[in-house]
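K.L.:
Got a structure for you, questions after.
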Amino acid sequence: SQQGEEDPQALSIQEGENATMNCSYKTSINNLQWYRQNSGRGLVHLILIRSNEREKHSGRLRVTLDTSKKSSSLLITASRAADTASYFCATDAIGSGYSTLTFGKGTMLLVSP
Amino acid sequence: DTAVSQTPKYLVTQMGNDKSIKCEQNLGHDTMYWYKQDSKKFLKIMFSYNNKELIINETVPNRFSPKSPDKAHLNLHINSLELGDSAVYFCASSQDTYEQYFGPGTRLTVT
């Protein structure tokens, strides 16, 4: 069954603005990951946050995790046209012996120059 | 060097045919995966292999059969293709339970 649900489904902003995407999930997790997919390409891993972490930064990316609400957010600061892509959250559920990522439907981000 | 590669990139074929998609990773990872991404961009796990051994087999028709000749390769064979099999198929690999590295995808169109 689908685990992650991103919100919004689509987001359109101007260059320089911040973009925030949210993800909700249903079961207990080992970690939550965010991926980016440019049109016609494969997914690229952006950041991983473990279940015992609350916030993580990587360059212009900031991810938060609230396990009590089963939700995460991805903030992209000072967005650029090159950030235009679909962004997916993926959860690695507890109980799986191996990495079993379940992806959400994604947020399509459009950054206009 | 390409970390995870797939061939072919595009595949157009008729219903009823049998086709294969190949995947290779040069990252030394132990685990490889096949995902299917539908027209709405929903990405769903199909299979996972760890050291050539099948560990995840989601509800996928028997017409789909993965094969892992060694831990660097995971191929996907599809028998009797149907219209609903049209999608983009992604191969990925990972080490332990961390991030997954995706191939560029194979866009399969069944006519």
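K.L.:
Name the strands (runs of 3 or more DSSP E) wholly within the stretch B:2-110 that hold at least 3 residues that are aromatic (Phe, Trp, Tyr)?
P.N.:
B:31-37
K.L.:
Among (1) closer than 24 Å to A:Asn31 by Cβ; (2) at pLDDT 90 or above, where does B:Asp96 come up short?
P.N.:
Status for B:Asp96: all satisfied but (2).
K.L.:
List the pairs whose first member sits in the stretch A:76-88 and is within 14 Å of another protein chain (Cβ to nearest Cβ), whose second member is among the aromatic types (Phe, Trp, Tyr), and whose Cβ atoms are under 8 Å apart, counting only residues at least 6 apart or on separate chains?
P.N.:
Short answer, once both residue conditions are applied: A:Tyr87/A:Trp34; A:Tyr87/A:Tyr35; A:Phe88/A:Trp34; A:Phe88/A:Tyr35; A:Phe88/A:Phe103.
K.L.:
Looking at this structure, is A:Lys105 in contact (Cβ under 8 Å) with a residue 12 or more places away in the chain, within 14 Å of chain B (Cβ to nearest Cβ), out of contact with any His (no Cβ under 7 Å at 6 or more places or on another chain) and of a type outside the set (Gly, Ala, Ser)?
P.N.:
Yes.
K.L.:
Taking A:Ser39 as meeting all but one of (1) outside any loop (DSSP other than H, G, I, E, B); (2) free of Cβ contacts under 8 Å to residues at least 60 places away in the same chain; (3) within 14 Å of chain B (Cβ to nearest Cβ), write down the number of the exception.
P.N.:
Of (1) outside any loop (DSSP other than H, G, I, E, B); (2) free of Cβ contacts under 8 Å to residues at least 60 places away in the same chain; (3) within 14 Å of chain B (Cβ to nearest Cβ), only one is false for A:Ser39: (1).
K.L.:
While we're here: On the given criteria, is A:Lys26 surrounded by 14 or more Cβ atoms within 10 Å (Cβ to Cβ) and modelled with pLDDT of 95 or more?
P.N.:
no
K.L.:
Right, here's the next one. If you go through the stretch B:96-111, how many residues are over 17 Å from B:Lys22 (Cβ atoms), among the polar types (S, T, N, Q) and more than 9 Å from chain A (Cβ to nearest Cβ)?
P.N.:
2
K.L.:
With the condition kept exactly as written, say whether any residue in the stretch B:85-92 is surrounded by 12 or more Cβ atoms within 10 Å (Cβ to Cβ), among the hydroxyl-bearing types (Ser, Thr, Tyr) and modelled with pLDDT under 90.
P.N.:
No: zero hits.
K.L.:
Which pairs turn up if I take residues in the stretch B:2-23 that are under 11 Å from A:Gly42 (Cβ atoms) and look for partners that are β-branched (Val, Ile, Thr) with beta carbon separation below 6 Å, at least 6 apart in sequence or on another chain?
P.N.:
Matching pairs, first to second residue: B:Gln6/B:Thr106.
K.L.:
Is it fair to say A:Leu11 is part of a strand (DSSP E or B) and more than 14 Å from chain B (Cβ to nearest Cβ)?
P.N.:
Yes, satisfied.
The values are calculated or read from the model by the stated rules, or taken from the named source; none is laboratory data. Just so you know, these numbers come straight off a predicted model, no measurement behind them. Cβ: placed from backbone, ideal geometry, glycine included. Neighbour counts: every protein chain shown.
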